[in-house]
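Here, each number is a calculation from the coordinates, and none is a lab measurement. Since the structure is predicted, the reported quantities are computational estimates derived from the model, not experimental observations. For neighbour counting, all protein chains shown are included, and Cβ atoms are generated from backbone atoms with ideal geometry for every residue, glycine included.
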Amino acid sequence: MTYYSIDTHVHFWKYNKVRDAWMDDMKILQQDYLPEHLMLNLKRNGIDGCVAVQASQEEVETRFLVELSKTHDIIIGVVGWVDLRADNVEERLEHFSEHTIIKGYRHIVQAEANDFLLREDFQRGVKALKQYDYTYDILVFPKQLESTHAFVSKFPDQKLIIDHCAKPEARNKKIDDWKKWMKEIAQNKNVCCKVSGLFTEALWKEWRPADFYPYLDVVFEAFGIDRIMFGSDWPVILVAGIYVQWKSLLEKYMERFKEEEKEKFFGANAIRFYNIV
């Protein structure tokens, strides 16, 4: 199958009350979300496939996503998890390298100390990704962007991607510090940005499309059309809106863009970045 439009950021899980305690104030997420629950959304929105991203920090999560991909053609890439701080990280990456559906890895850095990305053991693990041509997804809050800037500067040859535009504080209309660091980070040409996850950083269910335009302006200008890509953050998006609202908002924002630019944003960039074939 040829993939033209790709959602670069979705999650799947079988709900576990203990493991998924982070959902405690998000009742709509406290249930199973599997590929069969997403397929109709993708079809209705003209999306051909998706990249499944880890939501739990354990190797069983990586295996879970790989197994789902074997029975669901909509999953065309997996961003998994291994402990990049571990002494045996090279061994674990080698172990998972037999699964070509795995395109990269992620750690939930937003839950860590602000300087976590600068840990020597963690950076050693990130360095080990390159030999497999794996990507690394950076999940951080704005308060962690200064250390993120220092981090990306150390890996000029590693494919890196900022998840969810680094979660700007849209609900409080804060932009200045976030804008400064995002522009600095974007100077590194090996770094891309997923345009995703903004609904949940605004006032849930009370946002207006215009609330997001200042943040979209920054990301589109700083990274350029070749280093940004569409993501939904489904099903997390459901706490604040629905799939079609986010896709339509971005289509409206890009209505004056050239067709080839829209194709890059909604698919071609992801195919290139994640080595999707």
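Modelled spin labels at VAL18 and GLU67, positioned 7 Å past Cα toward Cβ, are 1.9 nm from each other.
Taking amide H as placed 1.01 Å from N in the peptide plane, ILE75 has its amide H under 5 Å from the amide H of CYS50, each at least 5 places away in sequence or on another chain.
With contacts taken as Cα pairs under 8 Å and at least 6 residues apart, region 161-268 reaches a relative contact order of 29 percent.
Count the DSSP beta bridges whose two residues both fall in the chain, then state the antiparallel fraction as a percent rounded to the nearest 5.
Working: 1 of 25 bridges.
So the antiparallel bridges in the chain amount to around 5 percent.
Taking only alpha carbon atoms, region 1-62 gives an Rg to Rh ratio of 1.02, where Rh is the Kirkwood radius.
Taking the chain as a Gaussian network of alpha-carbon nodes connected by springs under 10 Å, the highest mean-square fluctuation of the residues GLU90, GLU201, GLU255 belongs to GLU255.
Summing +1 for each Lys or Arg and -1 for each Asp or Glu among the other residues whose beta-carbon sits under 14 angstrom from that of LYS14 gives -3. Ignoring aspartates and glutamates fewer than eight residues from LYS262 along the same chain, the ones with Cα atoms less than 12 angstrom from its Cα are ASP226, GLU251. Where Lys and Arg each count +1 and Asp and Glu each count -1, what net charge lies around ASP177 among other residues with Cβ under 15 Å from its Cβ? Computed value for this residue: +2. Using C-alpha pairs below 8 Å separated by at least 6 residues, the relative contact order for region 6-273 is 18 percent.
Compute the longest continuous run of the chain that contains no exposed trypsin sites (Lys or Arg not before Pro); treat a site as exposed when its DSSP state is not H, G, I, E or B and it has at most 14 other Cβ atoms within 10 Å.
Numbers: sites that count: LYS14, LYS17, LYS154, LYS173, LYS174, LYS189, LYS205, ARG256, LYS258.
It works out to 18-153.
Taking a ≥ b ≥ c as the square roots of the eigenvalues of the Cα gyration tensor, region 84-183 is classed as prolate, since a/c reaches at least 1.5 and a/b is larger than b/c. For region 1-53, the relative contact order comes to 60 percent (Cα pairs under 8 Å, sequence separation of at least 6).
With +1 assigned to the C-beta of every Lys and Arg and -1 to the C-beta of every Asp and Glu, and no other charges, what is the dipole magnitude of the chain about the Cα centre in debye, to the nearest 20?
On the way: 38 positive and 44 negative charges, 122 e Å.
I would put it at about 580 debye.
Modelled spin-label separation between GLN123 and LYS183, with each label point placed 7 Å from Cα along the Cα-to-Cβ direction: 2.7 nm. Footprinting exposure proxy ranking of MET26, MET182, fewest other C-beta atoms within 10 angstrom first, gives MET26, MET182. Computed with the Debye formula from one identical point scatterer per Cα of the chain, without solvent, the log10 of I(q)/I(0) at q = 0.07, 0.10 Å⁻¹ comes to -0.22, -0.47. All other residues whose Cβ lies under 12 angstrom from that of ASP32 are scored, Lys and Arg at +1 and Asp and Glu at -1, for a net of -1.
If you build a Gaussian network model of the chain, linking Cα atoms that sit under 10 Å apart, which residue out of TYR132, TYR243, TYR215 swings the most? Looking only at TYR132, TYR243, TYR215, the biggest GNM fluctuation is shown by TYR132. Only one residue of PHE257, GLY197, HIS95 has its Cα farthest out toward the positive end of the dipole of the chain, where Lys and Arg carry +1 and Asp and Glu -1 on Cβ, and that residue is PHE257.
Arrange LEU249, LEU238, LEU38 by Cβ neighbour counts within 10 Å, fewest through most, would you? Don't jump to the answer; show the numbers that get you there.
Numbers: LEU249 21, LEU238 17, LEU38 24.
Least crowded to most crowded, the residues run LEU238, LEU249, LEU38.
Which value in deg cm²/dmol, rounded to the nearest 500, describes the helix-derived mean residue ellipticity at 222 nm for the chain, given -39,500 (n - 2.57) per DSSP H run of n ≥ 4 and division by the residue count?
On the way: 10 runs with 90 residues, N = 277.
The helix contribution divided over the chain gives -9000 deg cm²/dmol.
Between the beta carbons of TYR253 and GLN30, assuming R0 = 35 Å, the FRET efficiency works out to 0.65 to the nearest 0.05.
Extension gain, ASP133 to GLU90, is 14.1 nm, computed as 0.36 nm per intervening residue step minus the present C-alpha separation. For LYS154, a cut-off of 30 angstrom between C-alpha atoms picks up these lysines, skipping any fewer than 8 places away in its own chain: LYS103, LYS127, LYS130, LYS143, LYS167, LYS174, LYS179, LYS180, LYS183, LYS189, LYS194, LYS264.
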